[in-house]
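**Student:** My questions all concern the structure below.
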Amino acid sequence: MNSDALRADSVRKIYHGRSGPDIEALSGVSLRIARGERIALLGRNGAGKTTFLRIASTLLAPTSGAVEIFGRDALADPESVRPYLAVVPQEGKPFMHLTPREQAYTYLRARGFSRETAKSRADHALDQMGLAEVADRLSITLSGGQRQRTMVATVISTEAPLMFLDEPTIGMDPFARREVWESFRELTVKGSTILLTTHYLDEAEALSQRLYIIDRGRVLAEGTADELKHRVGGTLRVSIVSGDGIAQQLSTFGPLVRDGDIVHVITGPHGLQEILSIAAHANLTATVGPVTLEEAFLHVVGRSIHDES
Amino acid sequence: MTSLNAALPAVARSRWRGLGALIGTELRVQLHELTSIATSFIVQAVFLVFVGVLAREYLSYTLVGAVVFSTFQIGQRVQNEAAWIRIDHKLHELYHASPMTPEAYFLGMSVGVLTAYSAPIVLLFGVADYLVALAAPVALLLVAVLVAEFVFTASVGYMISTWFKNMRSIWPYSTLFFNFFGVLPPVFYPLFLFPKALQPVALLLPTAGGTALVEHADGILPLPTDWVILAAMSLLVGASLAFVGAVYWARRISRER
Ligand SMILES: Nc1ncnc2c1ncn2[C@@H]1O[C@H](COP(=O)(O)OP(=O)(O)O)[C@@H](O)[C@H]1O
Ligand SMILES: [Mg+2]
C-alpha cells in the first residue's frame, strides 16, 4: 500500500462550447503526489487549475488521460475512491440557513461519522479557522471571508486522506489565511494529502512543499519554491523601472525578467554595484532584493501572475 | 510518519449511507423558509375559494386535486433546490466527493424538502377528509397516489435541475410545468368537464391521472375500468421509470462531462 495519493497522466480537457468555439483547458497535465504531501497548483486566472482539480477529484470527466487515486483508477471507478476525498470547490458557499457549526456537523454526519466524532471534529475545525465566535450564527449573517472559512472548516474536519482545495483562502484577511495554512500543515502531519490551487505567490510558497506552475493548460515547472527560484539564475534581483533602454547593458550581468515596463536583472552580489551605477547614469530608479517566487513565475510563464488577459 | 504508509481506512460502503443526515440537513435549511412554506398553498386555496363560490358542486374535486397538486409542487421545489445548491452554492461537490452516493444525495434532498413542505398537504388532507369523508381505503389510495406523484416529480425535477447553468433560465420552466400539469388539465376540476377526446390523454399525466383515481375510488367520478387501469399504470410506470432514471442520472451527472 505505498501507492501515490494522486497520479495524473497526460490529462487533457476540451470544453465543447455550445455556442462558442471549443476551449482546450488542459493540454496534457501530468503530476504525481505522494501521500502526506502538501502541493500547490500555481497559475493565473484561466490557467486550468479548477479544471484539473475537478477532474482529479472525480467531479469532471477529462477528454483523455489517466487519473489514479491511492493506486485505483479514478476514471473507471470514481465511486471506489470518493470515500477518501474531500473538496472545497471554487466559489462555494455554505448553506445560508445553517450555522457554521451545523454546516460542519451535518456534513460529517452525512459522511457517516458518529454524533460524537462529528461534534468534536466540527468544533475543533471551527476553532482552528477562528470561527468560534460566529459558529452559532446563521451563515447568511457572515462575511464572505467567514463563509469561506466555514467551507474550509467543513471540509478539513473530515480529515479525509486526500483533500482538494480550490483557492481556499480567497476573500480572507491575512490573519485568517495564516490560520488556514497552519491547519493544512497540521492535517498533512496527521497523514492527509493536500492539493490546493492558488494565485497567491506567498500562499504557494508558505504552504506547499512542492508546487506546480501551470499556464494555458500545461505544467511549465515543478519543484520546491527554492528550486524554482534557483532556476531563475541568481540569488538577487535588481528591479529597474523603465529599464528597457539599458537592457542590453544589463543583460551581461545575468538573465533579465520583464514585468510590464519593469526590468528585473537576476544576478549575484558581484555585479550589484555596477548595475546600480548604470541605472543611476541613465537616471533610473533601481531597487534590490532577493529573488522571489514572483521572478520565478515571470521567468517560467513570461507574464506576471497579476497580469489579467 | 508511519501513518503515511498505513493502509487506507476501510470505508463501509452502502448505497444509502448519510441519507438520514442529509434529510435532516435539508429539513433544517428549509424550515427557515417559513414564509415560503406558509404561502406554498395559496394557489390551491385560491382555487378552492373560486370553486366554492362559482361552482360549489365541484368543490370535492377541487379538494382532491389540491392535495395532489400540492405534492406535485413540492417535487418542483426539489428541482429548484437542487439547482440552487448546485449553481449558487456548489455544495453538491462536497457531497459527491464523499462516501455518500449520488442517489443518496438526490433522495435525501428530495425527502428533506418533502418533509419541510408537507404541512399544506397534511392540512388539505385533513380538510378533504372532513368535507369529503374519505373511507379508509380511499385515504390509503390517496397516500399511495401522493407518494407516486412525488417520486415522479422529484425525480424528473432532479434530472431537469442538472441541465441548467443559471437559475434565471429555470424559472420559466417552473411556470410552464405548473400550468401544463396543474392548471390546464383536469386537476382542480372534474375530468368530465375536459374535452371528451382528450380525457384518456389527461389520465396519462400523473397529476390528472392520480386525481381521477382517487375521485373514482371515492365514488364521485365514474370511470370505465380500462381508464382506471390506464391511469394507475401510467402513474406507477411513470413514477418507477422516473425514479430509476433519476438514480441513473444522478450517478452519471455526479461527474460532469
Ligand atoms: N464549463 C466550462 N465551459 C467552457 N470553458 C470553460 C469551462 N470552465 C472553464 N473553462 C475555460 O477553461 C479554461 C481554464 O479554466 P479554469 O480551469 O477555471 O482556470 P483557473 O481555475 O486556473 O482559473 C479557461 O479558459 C476557462 O474559460
Ligand atoms: Mg479556478
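We did not get these values from a lab; they are worked out from the coordinates using the rules stated. Keep in mind it's a predicted model, so treat the numbers as computed, not measured. Quick reminder, even Gly has a Cβ in these numbers, built from the backbone with ideal geometry, and neighbours come from all protein chains shown.
**Student:** Kindly give Rg over Rh for the range B:17-255, based on alpha-carbon atoms, with the Kirkwood expression for the hydrodynamic radius.
**Tutor:** Numbers: Rg = 17.9 Å, Rh = 18.2 Å.
Over the Cα atoms of the range B:17-255, Rg/Rh equals 0.98.
**Student:** Specify the inter-centroid distance of the range A:1-59 and the range A:67-134, based on alpha-carbon positions, in whole Å.
**Tutor:** Centre-to-centre (Cα) distance: 21 Å.
**Student:** Just want the ordering: A:307, B:226, from fewest to most Cβ atoms lying within 10 Å of their own Cβ.
**Tutor:** On the way: A:307 13, B:226 9.
So the ranking, lowest neighbour count to highest, is B:226, A:307.
**Student:** Still on this structure: Can you tell me the relative contact order of chain B? Whole percent, Cα pairs under 8 Å, sequence separation 6 or more. Mind showing how you got there, number by number?
**Tutor:** Details: 298 pairs, mean separation 68.7, N = 257.
After rounding, I find 27 percent.
**Student:** Evaluate E = 1/(1 + (r/R0)^6) for residue A:185 and residue B:119, where r is the Cβ-Cβ distance and R0 equals 51 Å; express this FRET efficiency to the nearest 0.05. Walk me through the numbers on the way to the answer.
**Tutor:** Values: r = 48 Å, r/R0 = 0.95.
Efficiency, rounded to the nearest 0.05: 0.60.
**Student:** Please state the charge dipole magnitude for the protein assembly as shown, taken about the Cα centre, from unit charges on C-beta atoms (+1 on K and R, -1 on D and E), reported in debye and rounded to the nearest 20. Let's see the in-between values first.
**Tutor:** Values: 49 positive and 51 negative charges, 159 e Å.
Here the protein assembly as shown has a charge dipole of around 760 debye.
**Student:** Using a 10 Å cut-off around each Cβ of peptide A:38-51, what is the average number of partner chain Cβ atoms that fall inside?
**Tutor:** Details: counts 0, 0, 0, 0, 0, 0, 0, 0, 0, 0, 0, 0, 0, 0.
Per residue, the average neighbour count from other chains is 0.
**Student:** Please state the charge dipole magnitude for chain B, taken about the Cα centre, from unit charges on C-beta atoms (+1 on K and R, -1 on D and E), reported in debye and rounded to the nearest 20.
**Tutor:** Values: 15 positive and 13 negative charges, 187 e Å.
Roughly 900 debye for chain B.
**Student:** In what sequence do A:82, A:12 fall when counting other Cβ within 10 Å, fewest first? The partial results should precede the final answer.
**Tutor:** Details: A:82 28, A:12 16.
By the 10 Å Cβ count, ascending, the order reads A:12, A:82.
**Student:** Here's something else I'd like to know. Determine ³J(HN,Hα), in whole Hz, for all residues of the range A:113-118 in sequence, where each value follows from phi through the Karplus function 6.51 cos²θ - 1.76 cosθ + 1.60 and θ = phi - 60°; x replaces Gly and Pro.
**Tutor:** My calculation for the range A:113-118 gives 6, 5, 4, 5, 4, 4 Hz in order.
**Student:** Next up: What does the charge count near residue B:167 come to, summing +1 for each Lys or Arg and -1 for each Asp or Glu among other residues with Cβ under 12 Å from its Cβ?
**Tutor:** Working: positive: B:86, B:165, B:168; negative: B:81, B:88.
Net charge in that neighbourhood comes out at +1.
**Student:** Okay, moving on. Normalised radius of gyration for the protein assembly as shown, please: alpha carbon Rg relative to 2.2 N^0.38 Å, two decimal places. Don't jump to the answer; show the numbers that get you there.
**Tutor:** Details: Rg = 29.8 Å, N = 566, 2.2 N^0.38 = 24.5 Å.
So the Cα radius of gyration is 1.22 times the expected 2.2 N^0.38 Å.
**Student:** Something else about it: On average, how many beta carbons from a partner chain sit within 10 Å of the beta carbon of a residue in A:80-88? Let's see the in-between values first.
**Tutor:** Numbers: counts 2, 2, 12, 11, 6, 4, 4, 7, 4.
That average works out to 6.
**Student:** Scaled to the compact-protein estimate 2.2 N^0.38 Å, what is the alpha-carbon radius of gyration of chain A, rounded to two decimal places?
**Tutor:** Details: Rg = 21.9 Å, N = 309, 2.2 N^0.38 = 19.4 Å.
With N residues counted in chain A, Rg over 2.2 N^0.38 Å equals 1.13.
**Student:** Among B:154, B:171, B:204, whose Cα lies farthest out toward the positive end of the dipole of the range B:17-255, if unit charges sit on the beta carbon of Lys, Arg (+1) and Asp, Glu (-1)?
**Tutor:** Going by the Cα projections, it comes out as B:171.
**Student:** Further, regarding this structure: Which value at 222 nm does chain A reach when only helices count, each DSSP H run of 4 or more adding -39,500 (n - 2.57), with the total divided by all residues and rounded to the nearest 500 deg cm²/dmol?
**Tutor:** Calculated mean residue ellipticity at 222 nm is -9500 deg cm²/dmol.
**Student:** Hey, got the average number of other protein chain Cβ atoms within 10 angstrom for residues in B:17-25? It would help to have the intermediate numbers written out before the result.
**Tutor:** Values: counts 4, 8, 1, 2, 10, 4, 1, 4, 9.
Per-residue shielding by partner chains comes out at 5.
**Student:** Could you put A:158, A:287 in order, starting from the residue whose Cβ has the fewest other Cβ atoms within 10 Å? Before the final figure, lay out the partial values.
**Tutor:** Working: A:158 25, A:287 13.
Final ranking by Cβ density, sparse to dense: A:287, A:158.
**Student:** Still on this model: Got a sec to turn the phi values of the range B:169-182 into Karplus ³J(HN,Hα) couplings, 6.51 cos²θ - 1.76 cosθ + 1.60 with θ = phi - 60°, whole Hz, x for Gly and Pro?
**Tutor:** Calculated HN-Hα couplings, in order: 6, 7, 3, x, 5, 4, 4, 4, 4, 3, 6, 5, 9, x Hz.
**Student:** So, with +1 on the Cβ of K and R and -1 on the Cβ of D and E, and no other charges, what is the size of the charge dipole of the range A:1-129 about its Cα centre, to the nearest 20 debye?
**Tutor:** On the way: 19 positive and 14 negative charges, 47 e Å.
Approximately 220 debye in magnitude.
**Student:** Could you compute the net charge surrounding residue B:75? Neighbours are other residues with a C-beta less than 15 Å from the C-beta of residue B:75; K and R count +1, D and E count -1.
**Tutor:** On the way: positive: B:77; negative: B:26, B:81, B:149.
Residues near residue B:75 contribute -2 overall.
**Student:** For the cross-link pairs A:49/B:90; A:13/A:49; A:119/B:90; B:90/B:165, which exceed 20 Å when the distance is taken from alpha carbon to alpha carbon? Before the final figure, lay out each step's value.
**Tutor:** On the way: A:49/B:90 17 Å; A:13/A:49 12 Å; A:119/B:90 24 Å; B:90/B:165 12 Å.
Checking Cα-Cα distances, A:119/B:90 exceed 20 Å.
**Student:** Right, here's the next one. Could you work out [θ]222 nm for chain B from helices alone, using -39500 (n - 2.57) per DSSP H run of at least four and dividing by all its residues? Round to the nearest 500 deg cm²/dmol. Numbers along the way, then the final one.
**Tutor:** On the way: 13 runs with 175 residues, N = 257.
Theoretical 222 nm ellipticity from helices: -22000 deg cm²/dmol.
**Student:** Roughly what would the spin-label model give for residue B:256 and residue A:45, points 7 Å off Cα along C-beta, in nm?
**Tutor:** Label-label distance for residue B:256 and residue A:45, simple model: 1.8 nm.
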